[in-house]
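**Q** Structure in structure tokens, see below.
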Amino acid sequence: MAGSGRDTRGIVDAPDLFTHVRFRRREPAPALRPFLEHYWLIDWDLPEPYTSHVVPHPSVHLVFERHEAGSAGERAGRAEVHGIVRGLFSQRLEGRGRVCGVKFRPGAFRPFAPGRPVSDWTGRRLPAAEVLAAPPVGAVLDPDGEGARVTALDAYLLPLVPPPDPQAEHATALADLVRTDRSLLRVDALARAGGLSTRSLQRLFSAYVGVGPKWVILRHRIHEALHRAESDPEPDWAGLAADLGYSDQAHLARDFTAILGLPPTAFTPR
């Protein structure tokens, strides 16, 4: 299945999700790649309801979706901007449905909607037309072929490609550095790496990423802890806590529990 072999950090029990839905990731057009991580496509036809769970990344998403559930019939498709979700994101799926999502790189959404800081969208879901030019919902959701859906997303977004924004590029680079350099475990260290004061870094992240740098660092810690919990039958939690910059295992357990609802030692994928 396309997408299932890539890094699935953040998806809670990805193998179980992939048995219930068709999940794929597709690359956008080259001109969009400085701004987008990928497109993600989901289709389902379920005999029983299923709830998916995701520990979100520090990314804004543009989501086109249509659900058809039982006697309620098909609801009109809609397009929404999903700001960063601070906690666990859970979605109940039932009947038949389709989602086409656009995952923006951290820091890269602001140039598409420059009038307001990205922190204004954090924790919110709102109609895309309130933030961007009105998207062609049917053009994206109607085609049965996923290639046609990707082409429709490209056709919609390419005319919206913004002019260069050095601040956005800086924010994206620093957010990516947190993801790739596991030694950056403190906000002051990230500020030094970016040639900024701590306060300037915090303002940059609020305006362009939508959450603070400390939140981004902590979220990548939880992604790694969740990945370890799902891939290692006997994780060394004390060792992992030290690797992730925690003062002790209890602090890791506290953060993990706050998001997942149970401590890492009790987490068992289905």
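The values are calculated or read from the model by the stated rules, or taken from the named source; none is laboratory data. All figures in this text were calculated on a predicted structure; none of them were measured in a lab. Positions of Cβ are generated from backbone atoms using ideal geometry, with glycine treated the same way; all protein chains shown enter the neighbour counts. Quick note on the areas: whole protein, heavy atoms, side chains included, nothing else; ligands and nucleic acids left out. Shrake-Rupley method; radii C 1.70, N 1.55, O 1.52, S 1.80 Å.
**Q** Residues being open to solvent by 10 Å² or more (accessible area, probe 1.4 Å) and assigned to a strand (DSSP E or B): count how many of those fall in the range 44-71.
**A** Residues that pass the stated criteria total 15.
**Q** Right, something else. When the residues of the range 153-171 are filtered to those that are in contact (Cβ under 8 Å) with a residue 24 or more places away in the chain and either of a type in the set (Gly, Ala, Ser) or touching a Leu at 6+ places or on another chain (Cβ under 6 Å) (or both), which remaining residue is nearest to SER197 (Cα to Cα)?
**A** ALA171
**Q** Can you give me the number of residues within the range 240-255 that are among the charged types (D, E, K, R), more than 18 Å from LEU184 (Cβ to Cβ) and not in a loop (DSSP other than H, G, I, E, B)? Show your work before the answer.
**A** Taking the range 240-255 first, the residues among the charged types (D, E, K, R) are 243, 248, 254-255.
After this cut, where a residue has to be more than 18 Å from LEU184 (Cβ to Cβ) as well, the list is 248, 254.
This time we only want the ones that are not in a loop (DSSP other than H, G, I, E, B), so: 254.
Residues in the range 240-255 being among the charged types (D, E, K, R), more than 18 Å from LEU184 (Cβ to Cβ) and not in a loop (DSSP other than H, G, I, E, B): 1 in total.
**Q** Could you list all residues from the range 12-43 that are without any contact (Cβ under 8 Å) to a residue 60 or more places away in the chain, assigned to a strand (DSSP E or B) and over 17 Å from PRO143 (Cβ atoms)?
**A** PHE23, ARG25
**Q** Which one is nearest to HIS38 (Cα to Cα) among residues in the range 127-150 that are open to solvent by 40 Å² or more (accessible area, probe 1.4 Å) and outside any loop (DSSP other than H, G, I, E, B)?
**A** Within the range 127-150, the match that is nearest to HIS38 (Cα to Cα) is GLU146.
**Q** Looking at GLY87, GLY123, GLY115, GLY147, can you tell me which residue is out of contact with any Asp or Glu (no Cβ under 9 Å at 6 or more places or on another chain) and at positive phi? Outline the logic, then answer.
**A** On the way: GLY87 fails: at positive phi; GLY115 fails: at positive phi; GLY147 fails: at positive phi.
Being out of contact with any Asp or Glu (no Cβ under 9 Å at 6 or more places or on another chain) and at positive phi holds for just one of GLY87, GLY123, GLY115, GLY147, which is GLY123.
**Q** Output the number of the condition that PRO235 fails; it satisfies all remaining conditions of (1) exposed (fewer than 12 other Cβ atoms within 10 Å of the Cβ); (2) within 21 Å of THR8 (Cβ to Cβ).
**A** Exception for PRO235: condition (1).
**Q** Same structure, new question: Restricted to the range 88-126, and to residues that are part of a loop (DSSP other than H, G, I, E, B) and open to solvent by 40 Å² or more (accessible area, probe 1.4 Å), which residue is nearest to ALA14 (Cα to Cα)?
**A** Result: LEU88.
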